[in-house]
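Structure first, then comments.
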Amino acid sequence: MDYKQEFQDLIDIVMKESASDLHISDGRYPTIRVSGFLVPIMSKKILTKEDTLKFMGVVLNPDDKALFIKNKEIDFSYAHGDTARFRGNGFFQQGAVSFAFRLIPNRIRSFEELNLPSILERFTEKQQGFFLVVGPVGHGKSTTLAAMVDRINENSAEHIVTIEDPIEYTYKQKKSVVDQREVRVDTYDFSTALRSVFRQDVDVILIGEMRGTETMATAVTAAETGHLVFSTLHTNTAAQTINRIIDSFPAAQQDQIRIQLASTLTGIFSQRLIPRISGGLVPAYELLVVNPAVANLIREKRIHEINTLIETGMENDMIDMNRCLSELVRKGEITVENAIQYSPNPQILERLI
């Protein structure tokens, strides 16, 4: 078998079926995820251990292959010509090699195309601050951040540096200068790259993911010192996100990081991608806009009250997840069952519906 051609065939199927992911694993058909559901490609044969090893030689360069064999897992990127990029993860299971690929479209879509609220543009216009996009894995955080950063790229002359592992979306040079750094390829790790930005005349920083307290501390410091910082976390709500950051630090440092967050945090956008009745996925979201009232709650250790501020803060441009879900149900975009499944508080949602 020509494994390079076979892999290209699988990628073509991903593109044709508008799939979001491709899975390659021993003992199974190659499998794609379409509109949230896994679908085996039964026109292909069930893969063997030898097949998955051969695919490893196609998708990894020699250095990455050696690192993968040593560490038993690896994050990497794979380009499909000029059409698309894939974020890949390789891992071992029961002694066999497996791969999961996430499609990263070549073209960065706009807020309107992604069905995102226009208020997000406000956060791209700030001169400094710390903005987070949060949610579970696979719910569009990177895509939302890419739309925000590209809006800056289109509208302002700024120096933008992204630090990613691996690089996902690639930005065309528009009004801004955009430098993209990949961990292990262009820098040793997130913390090292973040420390370097202070000497690179940077205006905007995109951190692909907040990993570890050192990265969090440096990101907050960067926002304090005049930079506009964007990043992601695998958390579910705004309040949980703030608690996660603070709790990541030793007790002796928590008061300091709490004060820093209160002064630098501009907003937290939490999103979910929900199956649409007409096909595909549609986002539901929560938006915390950090105003003086929210900043006071953070400083005074009353973070549990933030949910109430979001629920009652429509006049302050806040967006409540349950209200967003109920609106999607009202418009016929999603089912009541799916709305309840993704709701942070189904009892409140049922009253709104």
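The values are calculated or read from the model by the stated rules, or taken from the named source; none is laboratory data. All values derive from a computational prediction rather than experimental measurement. Reconstructed Cβ throughout: ideal geometry from the backbone, glycine too, with neighbour counts over all protein chains shown.
A few notes on this one:
- Looking only at residues in the range 46-60 that are surrounded by 15 or more Cβ atoms within 10 Å (Cβ to Cβ) and not in a helix (DSSP H, G or I), the one that is farthest from the chain's Cα centre (by Cα) is L47.
- So T144, is it polar (S, T, N, Q), assigned by TED's automatic domain parsing to the domain that holds L53 and in contact (Cβ under 8 Å) with a residue 40 or more places away in the chain: no
- Considering the conditions (1) in the same structural domain as M148 (by TED's automatic domain parsing); (2) crowded, with 19+ Cβ neighbours inside 10 Å, L349 is excluded by exactly one of them, (1).
- Tabulated pairs, the range 236-255, first hydroxyl-bearing (S, T, Y), second in a helix (DSSP H, G or I), C-beta under 6 angstrom, 6+ apart or interchain: S248/T213
- Close pairs from the range 205-226: first among the basic types (K, R), partner part of a helix (DSSP H, G or I) and crowded, with 22+ Cβ neighbours inside 10 Å, Cβ under 9 Å, at least 6 apart: R211/F190
- Extreme residue, nearest to the chain's Cα centre (by Cα), among residues of the range 115-152 that are surrounded by 18 or more Cβ atoms within 10 Å (Cβ to Cβ) and in a loop (DSSP other than H, G, I, E, B): G140
- When the range 190-215 is filtered for residues that are of a type in the set (A, V, I, L, M) and modelled with pLDDT of 95 or more, the ones remaining, listed by number, are V202, V204, I205, L206, I207.
- Candidates L328, L297, L281, L287, filtered to the one that is modelled with pLDDT under 95 and of a type in the set (A, V, I, L, M): L281
- In the range 61-84, the residues that are more than 16 Å from V183 (Cα to Cα), within 25 Å of the chain's Cα centre (by Cα) and not in a strand (DSSP E or B): K72, G81, D82, T83
- Neighbours by Cβ (under 6 Å, 6+ apart or cross-chain): first from the range 74-93, without any contact (Cβ under 8 Å) to a residue 12 or more places away in the chain and of a type outside the set (V, I, T); second surrounded by 14 or more Cβ atoms within 10 Å (Cβ to Cβ) and not in a loop (DSSP other than H, G, I, E, B): A79/R85
- Lone qualifier among G81, G90, G36, G95 - being under 28 Å from I277 (Cβ atoms) and not assigned by TED's automatic domain parsing to the domain that holds V183: G36
- Residue in the range 15-30 that is farther than 30 Å from S278 by Cα, surrounded by 14 or more Cβ atoms within 10 Å (Cβ to Cβ), small (G, A, S) and under 25 Å from the mean Cα position of the chain (by Cα) present: yes
- Of all residues in the range 267-286, those that are surrounded by fewer than 22 Cβ atoms within 10 Å (Cβ to Cβ) and either small (G, A, S) or more than 18 Å from the chain's Cα centre (by Cα) (or both) total 6.
- Against the criterion of being in contact (Cβ under 8 Å) with a residue 12 or more places away in the chain, surrounded by 16 or more Cβ atoms within 10 Å (Cβ to Cβ) and touching a Pro at 6+ places or on another chain (Cβ under 8 Å), L103 does not qualify.
- Residues located in the range 335-348, provided they are closer than 24 Å to S35 by Cα and part of a helix (DSSP H, G or I): V336, E337, N338, A339, I340, Q341, Y342, P346
- Boolean, S43 is of a type in the set (G, A, S), surrounded by 17 or more Cβ atoms within 10 Å (Cβ to Cβ) and either more than 23 Å from the chain's Cα centre (by Cα) or in a strand (DSSP E or B) (or both): no
- Residues of the range 160-203 satisfying the condition of being part of a strand (DSSP E or B), more than 17 Å from the chain's Cα centre (by Cα) and under 27 Å from N89 (Cα atoms): I160, V178, D179, T187
- Residue in the range 190-205 that is in contact with a Pro (Cβ under 9 Å, 6 or more places away or on another chain) and surrounded by fewer than 16 Cβ atoms within 10 Å (Cβ to Cβ) present: no
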